[in-house]
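Here's the structure, in C-alpha cells; my notes come after.
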Amino acid sequence: MVKSICFTGHRHIAKEKLPTALAELRRVLETAIPQGFVDFYAGGALGWDTYCAQTVLDLREEYPCIALHLVLPCSRAEQTARWTEAQKAAYDCIYREADSCEFVSVDYTKDCMRLRNKRLVELADCCVCFCGEPEGRSGTAQTVRMARQKGIPVINLAS
C-alpha cells in the first residue's frame, strides 16, 4: 500500500539546530520509505518546507520510487513576491523537479495558507514537522493540530 507524508515547519530555524534536524529528517525518511511511504507533500514555503523538498529530491537519486508533490497556496508570483533572488531560484528548482504540483488558489488570499495546510494534511498518512510550539498560533502549529485531529502520526523533529 502506498503511503504519504506531509511536511510542515517554521520558516526560520536556528542555525545551530539545522544540521541535527536535517540529519534526523533524512533518517526518518530513509526509515519510512521501505515501509511504503513513497509520496511526499511539501507546501513550497521558505525554511522547513524547502529543506524537506530538497531532501526528498536528494533521496530520489537513491530511491527512484519516491515522489515529491507540491501543494502551493497561490501562484509563484504571489507566493515569492517578497523573497530574495536566491530563495526564488531554490523555489524554481524544486518546482521543476517536483513530480506534481497543485495550487489551492491563484491569488494570495487571507485564507490560502490555511487551505494549503489543510490540503497537505488531507493527502497525508503521517506528518513530519519542525514545530517549536505545537500549541502556538503559527500556521505550523495549526497544521500539526489538523494532523492530530485527523489521527495520523506526527513526528516533530524540533522536540
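The values are calculated or read from the model by the stated rules, or taken from the named source; none is laboratory data. These figures come from a predicted structure and were not determined experimentally. Don't worry about glycine lacking a Cβ; one is built from the backbone with ideal geometry, like all the others, and counts go over all protein chains shown. The area values use the complete protein model at the heavy-atom level, side chains included, leaving out ligands, DNA and RNA. Shrake-Rupley method; radii C 1.70, N 1.55, O 1.52, S 1.80 Å.
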* Evaluate the following for R137: is it open to solvent by less than 30 Å² (accessible area, probe 1.4 Å), of a type in the set (K, R) and either under 13 Å from the mean Cα position of the chain (by Cα) or at pLDDT below 95 (or both)? => no
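Counting just the residues of the stretch 81-115 that are β-branched (V, I, T) and more than 15 Å from A53 (Cα to Cα), which one comes out nearest to the chain's Cα centre (by Cα)?
First pass over the stretch 81-115, keeping only residues β-branched (V, I, T): 84, 94, 104, 106, 109.
From what's left, more than 15 Å from A53 (Cα to Cα): 84, 104, 106, 109.
On the way: T84: 20, V104: 15, V106: 20, T109: 20 Å.
Residue satisfying both the conditions and the ranking: V104.
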* Asked: If C112 satisfies every condition in (1) touching a Ser or Thr at 6+ places or on another chain (Cβ under 7 Å); (2) open to solvent by less than 10 Å² (accessible area, probe 1.4 Å); (3) in contact (Cβ under 8 Å) with a residue 40 or more places away in the chain but one, which is the exception?
  -> (3)
* Structure fact -> The one condition K118 fails out of (1) modelled with pLDDT of 95 or more; (2) within 19 Å of P153 (Cβ to Cβ); (3) open to solvent by less than 70 Å² (accessible area, probe 1.4 Å); (4) more than 10 Å from the chain's Cα centre (by Cα) is (3)
* **Count of residues meeting criterion [surrounded by 20 or more Cβ atoms within 10 Å (Cβ to Cβ) and under 17 Å from A158 (Cα atoms)] in the stretch 6-50** => 10
* Asked: What number of residues in the stretch 1-22 are over 25 Å from E78 (Cα atoms) and under 16 Å from the mean Cα position of the chain (by Cα)?
  -> 6
* Return only the number of the condition from (1) open to solvent by less than 30 Å² (accessible area, probe 1.4 Å); (2) within 22 Å of T140 (Cα to Cα); (3) out of contact with any Lys or Arg (no Cβ under 6 Å at 6 or more places or on another chain); (4) outside any loop (DSSP other than H, G, I, E, B) that S105 does not satisfy. => (4)
